[in-house]
Amino acid sequence: MTELTSKFEDMTGSLVLPGTEKARKNKVFGKQKPAMPQILISVHDEFAPLKAVWQALERRGDCSVFQSFIWLSAWQRHIGTKQGVKPAIVVGWDSEGDALFIFPLGIGRGTVCRTLSWLGGDLCDYHGPLLSSQFSRYVSMAQFSALWADIREILPSHHIVALSRMPARIGGQANPFMTLGAMRAHASSAHMTMLKEDWASYYEEKRSSGSKKRDRQKRRRIEKFGAVSLVTPETDEEKLGTLDILMAQKSATFARMGIANLFDRPGYREFYRDLAVNPEADGLIHVSHLAVGDTIAAANWGASFGGRYSYVLTSYDESTEAARFGPGMIHLMELMSHATGTGHTVFDFTIGDEGYKEQWCEIEVALHDYVEPNTLIGWAGLGPRIVYLQIKRFIKQTPVVWRVFTRLRAARGLLSGACVVRARVRAFA
């Protein structure tokens, strides 16, 4: 066991500090906080010892796919270690030794500040804890802020807390982190829709007669290029082949839009490839593509967890003539039909306020960010971080500004691409 893995604190309404019997009083709204049932807290810097407990809590408790053991351990293996993030995973245990909660936290070292944040970074569309169904019996919403303060005291040193993309609810439970106060609205929301027992009924309800007519027309036109079908690769080689095409198609889209290529970041490409073929992710990750004749017109890397299908990473081939007839939308409808047929009750379009989601989604999930300094250095870094978050939200939530921003970004991308091409021509001259 590492030093962190073996560190335990007994919390029974107040924190008993190591080596002393002195207990710090906790107060709620100016009154003595009622004693909580006994909770044992452990902090871990390794995933492996927690695997069985973590996966048991996934099955019986509340969380999203983005907090699953296989997702976050793969992120730490391929990305977190490269970014210098050290896990500081907090587990709360009841008196019987069952896990009440897991807070998948980590500490990253920046230029100046050490930041406590959720593991998974920008590859998690939702962040938050894993909660046992018994959590609220042990910790009320009124008690959580005091518990969090106690946990903070036994975590490794950090200057600032930055917890982002948190929904107000974790499964069927209220997210206790919402009680910390000073929450800021995240720049984007998430969107989802409730599926019906059959795709035909859902489609009939969601699409207007005009939309259905256009869908049929586009389908007929794209079928002129070859038979159209949803393909789910079976072998590892086939899955990776589809994924490689997806990443190539998505990279072309990023370049057109002037967005930095996600797959050029250290470990990102390896993360997606790992989970696509990892036997332990079988049934969790769904790789598919839309075949038009012998070509892959669109592709998807999605996730299935707890009856919810998450539309995570998608692409379509912009270079073909068939792209004019919406292969991405056809693929989306095929996926929604697939999700319905495989027993999913929710189709989650995840984070992002893209306009096309309004055609399908009746549920908008507001996400929240929490930033709290822990030291003087943290206070110094607080201002710039808050300004960045506010500017980002303003740009994304102001349609006129967002349109101007995206056009300028795309123009910059085209200019950068042209410069690269000229440089290559000179190199071969």
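The values are calculated or read from the model by the stated rules, or taken from the named source; none is laboratory data. Values in this document were obtained by computation on a predicted structure and should not be read as measured data. Cβ placement follows ideal geometry from the backbone for every residue including glycine, while neighbour counts extend to all protein chains displayed.
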Name the pairs whose Cβ atoms lie under 8 Å apart, with the first residue in region 138-164 and outside the structural domain of ILE102 (by TED's automatic domain parsing), the second surrounded by 17 or more Cβ atoms within 10 Å (Cβ to Cβ), and 6 or more positions between them or separate chains?
none
From the options SER315, SER229, SER310, SER319, residue that is surrounded by fewer than 15 Cβ atoms within 10 Å (Cβ to Cβ), polar (S, T, N, Q), touching a residue at least 60 places away in the same chain (Cβ under 8 Å) and closer than 25 Å to LEU195 by Cβ:
SER229
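Every residue, every condition in (1) surrounded by fewer than 15 Cβ atoms within 10 Å (Cβ to Cβ); (2) touching a helix residue (DSSP H, G or I) at 6+ places or on another chain (Cβ under 9 Å), yes or no:
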| position | (1), (2) |
| --- | --- |
| ALA149 | yes, no |
| HIS158 | no, yes |
| LEU180 | no, yes |
| ALA190 | no, no |
| LEU195 | no, yes |
| GLU204 | yes, yes |
| ARG207 | no, yes |
Pick from region 194-218, criterion among the aliphatic types (A, V, I, L, M) and in contact (Cβ under 8 Å) with a residue 60 or more places away in the chain, ranking: nearest to SER337 (Cα to Cα)
LEU195
Can we say ALA255 is in contact with an Asp or Glu (Cβ under 6 Å, 6 or more places away or on another chain) and buried (at least 17 other Cβ atoms within 10 Å of the Cβ)?
no
Complete set of residues in region 69-118 that are assigned to a strand (DSSP E or B) and without any contact (Cβ under 8 Å) to a residue 24 or more places away in the chain:
none
When you scan region 258-275, how many residues do you find that are crowded, with 18+ Cβ neighbours inside 10 Å and modelled with pLDDT under 95?
1
Just the residues that are touching a Lys or Arg at 6+ places or on another chain (Cβ under 9 Å) and either farther than 14 Å from MET178 by Cα or not in a helix (DSSP H, G or I) (or both), please, taken from region 123-148.
CYS124, ASP125, TYR126, HIS127, GLY128, SER132, SER133
What are the pairs with Cβ atoms under 6 angstrom where one residue, in region 276-299, is surrounded by fewer than 24 Cβ atoms within 10 Å (Cβ to Cβ) and the other, located anywhere, is polar (S, T, N, Q) and assigned to a strand (DSSP E or B)? Sequence gap at least six, or different chains.
HIS286/SER304; SER288/ASN300; ALA291/SER229
